[in-house]
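Notes follow the structure.
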Amino acid sequence: MMNLRSDDQRRSESPAERRRYARYWLRCAGVTNPTPKLVAAVVEHAGSCPGGSWKSLAVECLVRKGIMPTPETIDDKLAAWTACLTEYARRAGEAQPEEWAAKVMQIGRGRGQRVIKLPRLAVAMAWLDILGQPVTLLQIDRLAPWVQRIGHVTRREVLAWQAVVSRGELPTLEAVEQEAMVQGSQVPDDLADREDEVVAFVAKFVARRKIGPTWQEVGATFGWSGPRVNAAIHHLGERGLLSFTETKRSLRPGPRSIVTAS
């Protein structure tokens, strides 16, 4: 998902940085050569809303289906999801299914939130649709227990989870870990020629901002999708050219790096 950044971070970003994030996000969604119009639409409609919000999910769903995000197409998608949740509530015996669905669809409409935590069944419904799987009540119930919470998993695990679900498989812990290992071997073809560039980028970023770049920022800079940037950073970490921990923005030049920030 595009937005795991705070309101302050989003407000401080330049238009160029927002477009760069959008292009990276689109590559992760399978759009390798996005048009300027599509990049602008993603920035406009998803660039300012929190990660995990209904609007950001709707934009991702539309993009993956090849539909341009507009106010009308976003509203149509949200209406379709509302109808699905209403039917789910009716089948579950909810006394007021329309009101229940409307309440769920209102989650995250407030300001100042970084990440929205929707009910698991709602997340399951949305991601089945986003990843091109049948959105049935049975499938929602089947997937809901395996929904991962942002903030409790790494981006590596999120990407692996999405890949497993997109194949129509159940994302058990074992399946996700196995997929993550496969994705971890997908080192970018041009990494060997760009190792010094990556390390120099990290060094200059740390020298300028006193914090490390996010892995998303590395991917956006070098044109790598999520699995590939994960594999690249792990590969450089194993070689001692980069170092990082589980702490956010911990990426730094490694002990074997001879590249300086100058």
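For the charge dipole of the chain, defined by +1 on Lys and Arg C-beta atoms and -1 on Asp and Glu C-beta atoms about the Cα centroid, which residue among Leu121, Trp224, Ala92 has the Cα displaced farthest towards the positive pole?
Of the candidates, Trp224 comes out farthest on the positive side.
Long-range amide H contacts for Gly223: which residues qualify at under 5 Å (H placed 1.01 Å from N, peptide plane, sequence gap of 5 or more or a different chain)?
none
Before I look further, what does the chain give for accessible area per residue, probe 1.4 Å, in whole square angstrom?
50 Å²
What percentage of the solvent-accessible surface of the chain, computed with a 1.4 Å probe over protein heavy atoms, is contributed by carbon and sulfur atoms?
Numbers: 6970 of 13140 Å².
That fraction is 53 percent.
Please get the size of the charge dipole for the stretch 72-197, origin at its Cα centre, with Cβ charges of +1 on Lys and Arg and -1 on Asp and Glu, quoted in debye to the nearest 20.
Numbers: 15 positive and 20 negative charges, 169 e Å.
Approximately 820 debye in magnitude.
With a cap of 16 neighbouring Cβ atoms within 10 Å, and only residues DSSP puts in a loop, list the trypsin sites (Lys or Arg not before Pro) found in the stretch 36-145.
Details: sites: Lys37, Lys55, Arg64, Lys65, Lys77, Arg90, Arg91, Lys103, Arg109, Arg111, Arg114, Lys117, Arg120, Arg142; in loops: Lys65, Arg109, Arg111, Arg114, Lys117.
Here the trypsin sites (Lys or Arg not before Pro) that fit, given the DSSP loop and packing criteria, are Lys65, Arg109, Arg111, Lys117.
For Thr154, project a label point 7 Å along Cα to C-beta. Then give me every residue of the stretch 200-220 with its amide nitrogen under 20 Å of that point.
202, 212-220
Only Lys, Arg, Asp and Glu count, each charged at its Cβ (+1, +1, -1, -1), so figure out the dipole size of the chain about its Cα centre, rounded to 20 debye. Could the numbers behind the result be given before it?
Numbers: 37 positive and 29 negative charges, 178 e Å.
So the magnitude is around 860 debye.
Within the stretch 175-258, report the GluC sites (Glu not before Pro) that DSSP leaves as loop and that have at most 11 other Cβ atoms within 10 Å.
The qualifying sites are Glu246.
Taking Cα atoms, how many degrees apart are the long axis of helix 36-46 and the longest axis of the chain, rounded to 10 and kept between 0 and 90?
60 degrees
How much length, in nm to one decimal, is gained on full extension between Glu44 and Lys117, taken as 0.36 nm per residue of separation minus their Cα-Cα distance?
Details: separation 73, 0.36 × 73 = 26.28 nm, distance 2.22 nm.
In short, 24.1 nm is gained.
What's log10 of I(q)/I(0) for the chain at q = 0.10, 0.17 Å⁻¹, Debye sum over Cα points only, no solvent?
Debye curve over Cα of the chain, log10 I(q)/I(0) at q = 0.10, 0.17 Å⁻¹: -0.53, -1.40.
In degrees, nearest 10, range 0 to 90: what is the angle between the Cα axis of helix 15-28 and the longest Cα principal axis of the chain?
70 degrees
The values are calculated or read from the model by the stated rules, or taken from the named source; none is laboratory data. All values derive from a computational prediction rather than experimental measurement. Quick reminder, even Gly has a Cβ in these numbers, built from the backbone with ideal geometry, and neighbours come from all protein chains shown. Surface accessibility is based on the protein's heavy atoms, side chains included, excluding ligands, DNA and RNA. Shrake-Rupley method; radii C 1.70, N 1.55, O 1.52, S 1.80 Å.
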